[in-house]
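Right, one structure below, let's go through it.
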Amino acid sequence: MKKLLIAFICVPLILIGQNEERVTSVIDSSDANNMILKQSFTVNVPLDSVWNAYTTKKGWESWATAKAEIDFKVNGTIKSNYNKASDMEDESTIILNITNYIPKRMLTLQAELTKNFPEFMKADEKDFFNMILFEEIEPSKTKVISYGIGYKNNKKYMLLMKFFIKGNTQSYVNLISYLETGQPSVNY
């Protein structure tokens with residue numbers, strides 16, 4: 001696995017994953033108090049396929065986690081777990097609240113923070129959102145842009161960004177592989 005190339009530029013700070021050049025990551029720290037993590041990629045499949053990967057049980061389990069339960073509606077949830085044997089009620093279950101969406105255009109999620117998240121994040125939990133935009137470039141090419149919003153502009157969060165960039169990049173590479181080949185790059 002190649003190392004992450006870090007380019008220090010005043011504002012915004014740009015981090016580009018050399019391992020998978022299809023996923024770009026940018027941390028915008030132009031707001032003195034907050035940072036936004038923007039990650040984007042283009043996948044060579046129709047928009048419907050990408051939307052279904054994000055919004056259906058079958059789609060989610062094909063690239064994101066081993067097990068999922070999805071109640072796809074405003075104020076619904078996406079529950080997921082990396083353990084296929086989970087009852088979806090244990091502490092390892094990830095719960096994403098669906099704040100809002102525009103079909104095949106935009107999806108806003110808010111995670112419920114569990115004990116697996118750093119303690120310093122828990123006080124800021126209400127500020128964290130993930131806004132995902134979907135854009136049809138051509139009938140069989142779709143661009144996805146993900147904005148992680150609510151991170152504070154300080155050392156603790158900057159260190160956390162490295163973890164999120166690496167993990168999210170792996171997930172997006174898995175999604176790209178699943179959508180373009182029918183096989184994820186990693187099986188959960």
List the relative contact order of the chain as a percent without decimals, with contacts defined as Cα pairs under 8 Å and 6+ residues apart. 22 percent
What shape does the stretch 45-107 have by the C-alpha gyration tensor, where a ≥ b ≥ c are the square roots of the eigenvalues, rounded means a/c under 1.5, and otherwise prolate means a/b greater than b/c and oblate the rest? oblate
Flagged as over-length at 32 Å C-alpha distance, from 57/143; 84/143; 58/156, the pairs are 58/156
Please calculate how many Å² of accessible area the stretch 50-157 carries per residue, with a 1.4 Å probe and no DNA, RNA or ligand atoms counted. 53 Å²
Gyration tensor (Cα only) of the chain to equivalent ellipsoid, semi-axes in Å sorted down, yields 24, 21, 16
Which of the lysines could a cross-linker span from residue 152 if the Cα-Cα distance has to be under 21 Å and same-chain partners fewer than 8 positions apart are dropped? 38, 115, 122, 126, 162, 166
Quick one: the Cα spread of the stretch 122-174 along its three principal axes, in angstroms, biggest first? 43, 21, 15
FRET efficiency for residue 42 and residue 186, using Cβ-Cβ distance with R0 set to 25 Å, rounded to 0.05: 0.80
Determine the calculated [θ] at 222 nm for the chain from helices alone, applying -39500 (n - 2.57) to every DSSP H run no shorter than 4 residues and normalising by the residue count; nearest 500 deg cm²/dmol. -7500 deg cm²/dmol
Charge dipole of the chain about the Cα centre (unit charges at C-beta), most positive-ward option of 129, 93, 164: 164
Rounded to a whole number, what % of the accessible area of the stretch 52-186 do carbon and sulfur atoms account for, probe 1.4 Å? 54 percent
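The values are calculated or read from the model by the stated rules, or taken from the named source; none is laboratory data. Please read all numbers here as calculations on a predicted model, not as lab measurements. Don't worry about glycine lacking a Cβ; one is built from the backbone with ideal geometry, like all the others, and counts go over all protein chains shown. These accessible areas exclude ligands, DNA and RNA; they are computed on the full protein's heavy atoms, side chains included. Shrake-Rupley method; radii C 1.70, N 1.55, O 1.52, S 1.80 Å.
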